[in-house]
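Values quoted throughout were computed directly from the atomic coordinates according to the rules given, and no laboratory measurement underlies them. These numbers come from a predicted model, not from an experiment. When we count neighbours, we look across all protein chains shown, and the Cβ atoms used for this are built from the backbone with ideal geometry, even at glycine.
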Amino acid sequence: DTAVSQTPKYLVTQMGNDKSIKCEQNLGHDTMYWYKQDSKKFLKIMFSYNNKELIINETVPNRFSPKSPDKAHLNLHINSLELGDSAVYFCASSQDLVPGNTIYFGEGSWLTVV
Amino acid sequence: AQSVTQLDSQVPVFEEAPVELRCNYSSSVSVYLFWYVQYPNQGLQLLLKYLSGSTLVKGINGFEAEFNKSQTSFHLRKPSVHISDTAEYFCAVSGGNDYKLSFGAGTTVTVRA
């Protein structure tokens, strides 16, 4: 069973479109995240949610809107896509907000904006 | 806030040779240190982590790392690599009241026959 699963894995879309990436974890974790990996492979946190509540928003443009319908799901919606949004987006989860917890990552969603 | 610096961006190595990937951290509080591996076109997988206790940490796939507080380092080692170890390796840190991971820039390991 996949612990953290996200769909789609690959997404090619035109500038200006709106797209969503879905994420689900079956680990029973309270905390979920979205990370962005740029073309130089640098990983940066975008958002974190704990029990469906937003905890961190790392100065991400308003065009990015996460939604957590329940603590097992954290979806990412992106409006008005720009070329610079092309990246790999990783969903992740951890047991809770205790420092030192292992963070489990999904397989990634490769977004290409053309 | 915590941060990590991975000192090598690329490490080419021959099969069955040893490899060491260097990671230094910066923090004013106690830290938790992690090494993750990313195989091509895949997500990140935890190799090992240091929370406390023994400074030598053993992980999966024959990897180990040593926490050195005086040198603020957490270097990753493997005594004999395989072709399948070709991947991107990330050092990461959390600590104090900060639960989120801050990642280094990554080290690309390429194993050649």
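DSSP loop trypsin sites (Lys or Arg not before Pro) in segment B:34-113 with at most 14 other Cβ atoms within 10 Å of their Cβ, which ones?
Values: sites: B:49, B:58, B:69, B:77, B:100, B:112; in loops: B:69.
Answer by residue number: B:69.
If I take every Cα pair under 8 Å that is 6 or more residues apart in segment A:57-114, average their sequence separation and divide by the length, what percent do I get for the relative contact order?
Details: 68 pairs, mean separation 16.7, N = 58.
Once divided by the residue count of segment A:57-114, the mean separation gives 29 percent.
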#### Entry: Cα centroid separation - segment A:13-46 against segment B:46-90, whole Å
26 Å
### Message
At q = 0.09, 0.13, 0.15, 0.17 Å⁻¹, what log₁₀ I(q)/I(0) does the protein assembly as shown have when each alpha carbon counts as one equal point scatterer in the Debye sum?
### Response
-0.37, -0.77, -1.00, -1.23
### Query
Comparing A:98, A:12, A:88, which has the greatest mean-square fluctuation in the GNM of chain A with Cα pairs linked when under 10 Å apart?
A:98
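Of the GluC sites (Glu not before Pro) in segment A:15-67, which ones lie in a loop per DSSP and count no more than 14 other C-beta atoms within 10 Å? Walk me through the numbers before you get to the answer.
Working: sites: A:24, A:53, A:58; in loops: A:58.
Those that pass, being in a loop and sparsely packed, are A:58.
Cα-Cα over 24 Å: which of A:9/A:67; A:36/B:100; A:41/A:71; A:36/B:78?
Details: A:9/A:67 19 Å; A:36/B:100 14 Å; A:41/A:71 28 Å; A:36/B:78 28 Å.
Among A:9/A:67; A:36/B:100; A:41/A:71; A:36/B:78, the Cα-Cα distance tops 24 Å for A:41/A:71; A:36/B:78.
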### Task
Could you calculate the FRET efficiency of residue B:51 with residue A:13 from 1/(1 + (r/R0)^6), where r is the beta carbon distance between them and R0 is 35 Å, rounded to 0.05?
0.30
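If you place +1 on the Cβ of every Lys and Arg and -1 on the Cβ of every Asp and Glu, how big does the dipole about the Cα centre of chain B come out, in debye to the nearest 20? Kindly include the intermediate steps, with their values, before the conclusion.
On the way: 8 positive and 9 negative charges, 48 e Å.
Charge dipole of chain B: 240 debye, to the nearest 20.
Kindly provide the trypsin sites (Lys or Arg not before Pro) of segment A:12-101 that DSSP labels as loop, not H, G, I, E or B, and whose Cβ sees at most 11 other Cβ atoms within 10 Å.
Loop-located and lightly packed - A:40.
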### Message
Report the per residue volume, in Å³, of the convex hull enclosing the C-alpha atoms of segment B:38-113.
### Response
111 Å³
